[in-house]
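Peer 1: What follows is a single structure, and I will ask about it in a moment.
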Amino acid sequence: MENRRILNRIIFINIGNTDYASIEIAGNTCFVGTNNMGKTTLQRAILFFYSANTRGLGISSSQKSFEDYYFQYPNSYIVYEIATEEGYFHVMLYRREKIFYRFVDSAFDQDHYIVDSEALLPKALLTRLNEHKVNYSDQIETFERYRNIIYGADPDKRYKKFALMKGNASYHNIPLAITSIFLSSESVIRAEFVKECIANSIGTKHTNIELKTVERQLRQFSERYQDIETFFRKENSTRGDLIKDNFTQIKNLKLKQRSLATELGGALKYAAEQQQVLGQEVARHREEIEWQEAEFRKQEQEQQEANREINQEIGAFKSKIREADKKQREYDERGIADALRQMDERAQLALEVQARENEYATLTAGFSDVELQFKTLFDGLENERREFENVLRAEGLQLDRKYQDDRNVLRDDFRREESDLKEQHQAEVSRLRQALNQKELEKKDEAFREKEIHGKRYFEKESAQLRANLEEISRRKLERSSAFTVKNNQIDSLKKEGDHIREKNKLTSEQYIARNNEEVAGLEEKIKAIEQKLSVHQHTLFGFLQDNYPDWYSTIGKVCNEEILFNRELNPKVIKKNLDTLYGIQLDLGQVQVFSKTLEQYALEKQGYIDRIAALNLAFLEFRETQAHEEQGKLASISKKSAHLKNELTQLEYEAGQDEHKEKQYTLDLSEWKAKGEALREKDLLESYQLQDVIKKDIATLTESLANLDEVFTKNRKKLEGRFNERLAALTAAFEQESSRLKDVRDEKLSAYADHKAALQKEKSKVLKNKGIDDSRIKKLKDEIEAARKAVQTIDKHAELINDYRKDKRELFDKVDEFKREKERLEDRVQQSEKDFAAIKQAFAKKKSQLEQDIRSLAEDLKRYTEGLEHFERHFRERALFDRLRHIIEPTLAIHSDAGIVGLCSQLLANDTEYHNQFEKFRNNVTEFAGRFRPDNHMNFKINPQAGEGEYERFAAYLQEFYNENKIQTSIAEVAKSHGMLIDAISSKMKALTEHKGRITKMISKMEADFGRASFESSKLIEYIKLKSEDSENKVLRKLQKIAEFREQNPFLYGEVNLFNQSNKAKAEIDKRSVELLNDLQRTISEEKYEEIRVQDLFELRFRIKEGKNDTGWIEKIDKVGSTGTDMLVKAVIYITLLNVFIKESTEKTARNFFVHCIIDEVGQISAAYLKELINFAEERNICLINGLPNESKLETHYNYTYKFRKDQHGYVKVIPLLTMTIEP
Amino acid sequence: MNIPKQTPEIFSILSKGNFISSNGSRGKLFDVINFEDNFQILKEFFAHTGYHLEKGHNYFYFSQQEETNTIMEKKLEQFAYYIDVMDFFSSMDVKPVVGTRYRVTQIAEECYANERLKQKLFALSRREKMVDKVGEIANDLTAGGFFEQEDEDTYKVMDAIHYLEQVISLITIEEEDGEQADS
C-alpha cells in the first residue's frame, strides 16, 4: 500500500510490437535497450497517461499515428495502474474507431484481460469484469474528460477517487511541462517555453488576445473609417453634388423628352388629320375660285353681250346720224332748198296754168258774146280770185297750221328734250346719288370698320390661348408659391423636430453617461478596495491563514470579519494545531455561513466588477449605437421626408423655371401677336383710311359731278331753251315771213286781179267798142301758159327729190337730235355698265385674291404639315431614338403644337444629344465617385459598368437617398461604436492580461528560488541558475498597451457618436489620436504576424547560468551549457524546477501526496554522480524520473526500476526487469 | 520651411517616374501634397534635386527640364506604346474613365467577343493566353501609375490617366503635304 498517489504500472496488451508487458514504474525508472527496441514507445505511452494528447507525443508525420501504431488490434489495451493511499485502480485504453477510456476500481488483473493467452475484446472484458464484480466507470470518450478526471478537476464526484492529484483550473501545465520536457530534452530551452509554461500555469486561455480577430475587427473598422473619410473628401462631395446635378438634369431632360415625345406624337396625329382637312379645304377654296371665275366670266360675257347690243345700237344711231349728215349734204348739193321753195310755188303755178289755159280757151273758143265772154271772164277772174284767196287762205291756214304744228313740235321737242335732259339728268343724278349713297354707305361702313378695327382684338384665338396659358402659369405660380411656403414650413418644422430629437438624445446621452460614470466609479472603487486587500493580504491574518491554516474558511472564516482578516498589525502565530476553539470557546459553526472569502472569490468578485464595468461600457456603447440608430432612424425618416419635400421643392423650382421660361416665351409670343395684331390693325386701318380717302374722294367727285351735272343740266336746259326759243323765233319769223309773203302775194294778186279786172273792163269796153278780136293777147296768154307749164314741169321734176327729202327729213333729219340723244344715252349706259362691271370685277378680284390668299395660307399650313411629316419620316423614324420613344409617341392623341413637327424633331434630337452629353458626364462622375471608394466599401458605392444606364441611375438614386437620409450618420455611428468597442475590448483584454503580471513575477521568483536550490552543492557543478523578467519587446503588445493607456486617460472622451465631428477641436484631436492608435495597431499586427497576444507576451525572460567558469550572461535561450552531459543536466534541472513550480501552482496545496513522472530520454551522457544528484533533486520535488539508456552501464543502479528491452523468438518486444529495487547509495 | 514628414515617401514614389493620384491607395499622400501650401513648399524643396513637382488634375508627378536624347527617345517609345494601350482600352465598351474598375477576365472575355479588340490586344502583347496578354498591358499601365491593381483580377483607373489623355491630345500628326492635323 502506497501512501501516495502515483502511476504504479503500465501494462501493454497487444500494443505495437509487444504482445504483453507489465512495467512497474512507481519510482525512478530506467529503460535500457538498443535502438528500435521500443523504449520510446513505452515512454510515449507513459507520457500519454499524463498528456492524453495523441499529437504531443513527438510522433513525426511520416510515422504511423498513435492510434494506428499502438492499437493495431481490437483487443489492444494500454492499462495504467495507479497506486493510491486506499489501494489501486486502473485505467484501460482501447480503441473502437477512436480511443476510449474506462476507469476500473481495482488493481490490474491479467486474468480479467487475457483468457487462454488471448486478450479479450472490450465487450468480453467488461462482461468478465462484471462477472468478477469489478466496478468500472462509463466509457470516457474524450481526452479532456479523462484529463479532468486524472487531474481531479472533473465536477462529477463519482470520479473523484480516480484522481492522481487535486488539480486546479491550470492543471494543464503539468501535462504540458511533462510533454515539453520529453519532447525538448535534447534541444534548446527557450525562454518562450518557460514563458508559455508560466502563462499556462497562471493564466487561462481566455485572457489571450486573439490578434486575428482583433486584426479583422481593426481592418473592418479601418476600412469603414477610410470609407467615411473618402466620403468626406472634398472631391467626392463636389463629385456627389455634380452627380446630383447631373441626375436632376438627366431626369429633367428625360421629362422634357417625354413631354416633347408626347407633343410630337400629338403633332404627328394632328398633322395627319390636318393634311386631310387642309387638302379638302384647299380643294374647296379652289372650287370656290373656279366657281367665282365662272360666275365672273358669265357676268363678263353678259355685260359684254349687253354692251355689244348697246354699241350696235349706238353704231346704228351713229350710222343714221352719219347718213342724215351725208344725205343732208347731198340734198343741199342738189339744191333742195330751191326745190322746196319751187315746190311751194307749184300749186300757184298750176292755178296759174289752169287760169291761163281757161283764159286761153275762153279767148280762142268764141268771140260771140263779148258780154258773156267778158262775164265769164269776170267770173273766171272772180273765181280765180276766190280760188286764189281760198288757196291763199288754205295756204295761210296751212301755214298757220304748220306754224302751230311746228311750234307745237318744237315745243314738244323742247319738252321732250327737256324731259329727256331732265330724265337723263335725273338718271345721272340718281346714279350719282346712288353712287354717292353707296359711297356714303361705304364711308359709314369704313368708319364702322375703322371703329371695328380700333376695337378689334387681333389674333384673339392665339392671344387668348397664350393668355390662358399665362393665366394658368400665374395660377400655378400662386399655387407654387403657397406650396413653397407650405413645404418650406414643413421642412422647417421637420428640421426643428430633428433638432429636438438630437437635443433630447444629447440630454439622454448625458444623463446616461453621468449614471454610467457614477456606477463605474463605484465599481472602480470596489475593485480598488479588493486590489488593496489583495496587495497586502500576504502580510495580514488572511495571508497567514492561507499559508498556515488550510481549512480556515470553515472555522475562523465564519467568525472573522474582513477588517480583522486584512489587518496587518495582528502578528498571527500558530500555537497549537487542530484546536477547534475560539479563545478556548467551542462553537458549533455548522449552521453559520462562511463570512470570509477566498482569494478566488475576491478575484471572482473583482472580475465580476471588471466585467460589470465592461458590461457598462458595452452597454454604454450599445446605448449610443442604439440611440444613434434610433436617432438616425428618426432623423432618416425626417431627412427622407425633408428630402422628399426638397425634391418637391426642386421639382417646383424646376417647374417654376420652366414656367418662367414659358411665361417669358408666352409673354414674348403675346407681345409678338400683339405687335402682329397692331401691325395688322395699322395695316387694316391704313387700308381703311385709304379706302375712306378713296371713298371721300369719290364722294367729293360724285358731289362735284352732281354739282357739275346740275350745272350742265341747267346749262343744257338753258341751251335747250335757247335753241327752242331760237327755233321758235325762227319758226315764228319764217311763219311771219311766209304770212307776210302770202299777204304780199295776196295783195299783189288782189291788185293784179283788180288790174286784170280793170283791164278786162277796159277790153270789154274796147271790144264792145270795136267788136273785133285782139290776137296779141292770145299769143301772150299762150306764152304765159307755156312758161307756167314749164315751171310746173320743172317743179315736178324735183318732186321725187323733194319726196325723198321729205321722207328723209321725216325719217332722218328731223330725228338726228333724237338719234344723238339716244346715242348719248346708250353711251352713258355703256359707261354705266362698264362702271358696274368694273365694280363687279373689283369685287371678284378681291374675292379671288382673298380666296387665293386663303389657299396660300392653307397651302402653307398644308406644306408645313406635309414637310413635318416627311421630315419625321426621313429624319426621325429610322433613328434609335424613335424606337425608344415609340411607346410614348404612338398612343398620343392629336393635338396642335406651336413648335411644329420639324421643330419638335429637332428639339428631341437636340434633347437626345444633350441627354447623351449629360449622361456621359454623369457616368464619368459616377465612375470617378465610386472609383474613389474601396470595391467592397460598406456604404455600397459600387457600380457595375456592364449593367448599362440603369445601373448608373440606380447608383445616383441610391446616392441621393444616402444624402437625403443622411445615411453616413448611421455609418459613422456604427464605426464609432466599433471604434469604442475595439478600444474597450482591447483595453479590457489588456487589463485582464496584465492582471497576471503580479502572479508572473511571483512565479518567476518562485522559480528563481527553486533554481537556487539546484546548485548541486555537493558537486558544485552549477554555481547558479538565475532567471529574470523584463518588459516585453512585443511591438503589438506595446501598441495594445498604448491603446489601454489611452483608454485610461480618456475614459469617456472617445467613441463619440460622431468620429468625424470637427467642431470640437480637442475632441477631434482625441478621436484622431485614437484612430491613429488603432491604425498603428493594425499595421503592426500585419507586420509582426503574431496570431495572438498571450500572457507570456507580457514579459521577456532571461536566463543566466554559471557552470564552472562558464557564465552565459543574460540569455533568451539556453542552447549549450558546457559539455553535452552538463548541458543535459542543466536542462533537466531547469525542467524539473519548472515542473515542480507548475505542479505547485496547479494543485491544491493541501493534497501534495502524489508523484509524477518526468520522462527524459537518452541520459547516457550524464555522469553517474550528477545523475544521482539529479535523481535526488527530482525526488525532493516528488518527481520520479524515467530515463532511457542505450546500453547497460552503471547508471541504472541509481534507479528504483531498471528494465531491459529484448525481442523474443516471435519478434515481440519483451520488457524485462533487470535489477531488484535496490538503489546504490 | 516645414516640409511634411511624408516627403521622403513622396520623393521615393515620384522620382521613379510614378504619379500620386488622389483616387489611389496613395490618396493620403496626395492629400498631404495638396494640403494648404505644401505643394509650393515641396515644389521649392524638390527643385533643388532637379525635379519639378507638377500638378495635374488630381495627381502629382515629377518633370525634368533637361533630359538626354536617349531618355527622351525611350520615353517617346514608351508613349507610343501607351497610346496603343489607350487606344485598346478606349475601344472597349467601358471607357477608361477615372475610377473605372477593369477585371482582367472581363476584358479577356470582351476580346474574345470583339475581333477588332482582339487584334489590338494581339498587337500589344506576345503572351500566349488572352488573360496573360490583358494582364501584361494592365500591369504596364500600373507600372506607369495610370492603373492601380486592387486585387489579383481587378485594376482601377487612376487620376493620372488624365496625363496620358492630355499628352495624347497634344500630339499633332504632320502630314506629308505639310498640313497639320490634330490626332
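The values are calculated or read from the model by the stated rules, or taken from the named source; none is laboratory data. This is a predicted model, so every value here is computed, not measured. Using ideal geometry, Cβ is built from the backbone for each residue, glycine included, and neighbour counts are taken over all protein chains shown.
Peer 1: Assess whether B:Val167 counts as being part of a loop (DSSP other than H, G, I, E, B) and surrounded by fewer than 21 Cβ atoms within 10 Å (Cβ to Cβ).
Peer 2: On the way: part of a loop (DSSP other than H, G, I, E, B): no; surrounded by fewer than 21 Cβ atoms within 10 Å (Cβ to Cβ): yes.
Judged against the criteria, B:Val167 is not a match.
Peer 1: List every residue pair whose Cβ atoms sit under 7 Å apart, with the two residues 6 or more apart in sequence or on different chains, where the first one lies in segment B:22-44 and is in contact (Cβ under 8 Å) with a residue 40 or more places away in the chain and the second, anywhere, is in a helix (DSSP H, G or I) and aromatic (Phe, Trp, Tyr).
Peer 2: Filtered contacts from segment B:22-44: B:Ser22/B:Phe30.
Peer 1: Looking at segment B:143-164, which of the residues that are outside any loop (DSSP other than H, G, I, E, B) and among the hydrophobic types (A, V, I, L, M, F, W, C) is farthest from the other protein chains (Cβ to nearest Cβ)?
Peer 2: Among those that are outside any loop (DSSP other than H, G, I, E, B) and among the hydrophobic types (A, V, I, L, M, F, W, C), it is B:Ala143.
Peer 1: Among the numbered criteria (1) at negative phi; (2) more than 14 Å from chain B (Cβ to nearest Cβ); (3) not in a helix (DSSP H, G or I), which one does A:Phe882 miss?
Peer 2: So the condition that A:Phe882 fails would be (3).
Peer 1: Could you grab me the full set of residues in segment A:942-955 that are loosely packed, with under 13 Cβ neighbours inside 10 Å and within 11 Å of chain B (Cβ to nearest Cβ)?
Peer 2: Matches in segment A:942-955: A:Gln946, A:Ala947, A:Gly948.
Peer 1: Could you please give the count of residues in segment A:1060-1100 that are over 23 Å from A:Glu215 (Cα atoms) and at pLDDT below 85? Don't jump to the end; show me each part of the working.
Peer 2: Quick first cut of segment A:1060-1100, residues over 23 Å from A:Glu215 (Cα atoms) only: A:1061-1069, A:1100.
Subsequent filtering for residues that are at pLDDT below 85 retains A:1061-1069.
Final tally of qualifying residues: 9.
Peer 1: Let me ask something else about it. What number of residues within segment A:920-941 are touching a Phe, Trp or Tyr at 6+ places or on another chain (Cβ under 8 Å) and within 14 Å of chain B (Cβ to nearest Cβ)?
Peer 2: 7
Peer 1: Can you tell me how many residues within segment A:708-763 are of a type in the set (A, V, I, L, M, F, W, C) and either loosely packed, with under 12 Cβ neighbours inside 10 Å or within 25 Å of A:Glu417 (Cβ to Cβ) (or both)?
Peer 2: Adding up the residues that qualify gives 13.
Every residue, every condition in (1) charged (D, E, K, R); (2) at pLDDT 85 or above; (3) within 20 Å of A:Arg879 (Cβ to Cβ), yes or no:
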{"site": "A:Ser222", "(1), (2), (3)": "no, yes, no"}
{"site": "A:Glu229", "(1), (2), (3)": "yes, yes, no"}
{"site": "A:Phe232", "(1), (2), (3)": "no, yes, no"}
{"site": "A:Asn252", "(1), (2), (3)": "no, yes, no"}
{"site": "A:Glu263", "(1), (2), (3)": "yes, yes, yes"}
{"site": "A:Gly266", "(1), (2), (3)": "no, yes, yes"}
{"site": "A:Lys269", "(1), (2), (3)": "yes, yes, yes"}
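Peer 1: In segment A:522-553, which residues are loosely packed, with under 12 Cβ neighbours inside 10 Å and either at pLDDT below 85 or in contact with a helix residue (DSSP H, G or I) (Cβ under 7 Å, 6 or more places away or on another chain) (or both)?
Peer 2: Passing the criteria: A:Gln532, A:Ser535, A:Asp547, A:Asp551.
Peer 1: Something else about it: Scan segment B:7-29 residue by residue and report those that are within 14 Å of chain A (Cβ to nearest Cβ) and of a type in the set (S, T, N, Q).
Peer 2: B:Ser21, B:Ser22, B:Asn23, B:Ser25
Peer 1: Here's a check for you: in segment A:924-933, which residue that is of a type outside the set (A, V, I, L, M, F, W, C) and in contact with a Ser or Thr (Cβ under 8 Å, 6 or more places away or on another chain) is surrounded by the most Cβ atoms within 10 Å (Cβ to Cβ)?
Peer 2: Among those residues, the one meeting the criterion is A:Arg932.
Peer 1: Among the residues of segment A:295-314, is any of a type in the set (A, V, I, L, M, F, W, C), without any contact (Cβ under 8 Å) to a residue 24 or more places away in the chain and surrounded by 13 or more Cβ atoms within 10 Å (Cβ to Cβ)?
Peer 2: Taking every residue of segment A:295-314 in turn, none turns out to be of a type in the set (A, V, I, L, M, F, W, C), without any contact (Cβ under 8 Å) to a residue 24 or more places away in the chain and surrounded by 13 or more Cβ atoms within 10 Å (Cβ to Cβ).
Peer 1: Still on this structure, please answer the following. Check A:Tyr915, A:Tyr958, A:Tyr963 and return the single one that is away from chain B (no Cβ under 14 Å), touching a Leu at 6+ places or on another chain (Cβ under 6 Å) and not polar (S, T, N, Q).
Peer 2: A:Tyr915
Peer 1: In addition: Going by what's in this entry, would A:Arg416 be described as out of contact with any strand residue (DSSP E or B) (no Cβ under 9 Å at 6 or more places or on another chain) and over 30 Å from A:Arg356 (Cβ atoms)?
Peer 2: Details: out of contact with any strand residue (DSSP E or B) (no Cβ under 9 Å at 6 or more places or on another chain): yes; over 30 Å from A:Arg356 (Cβ atoms): yes.
Judged against the criteria, A:Arg416 is a match.
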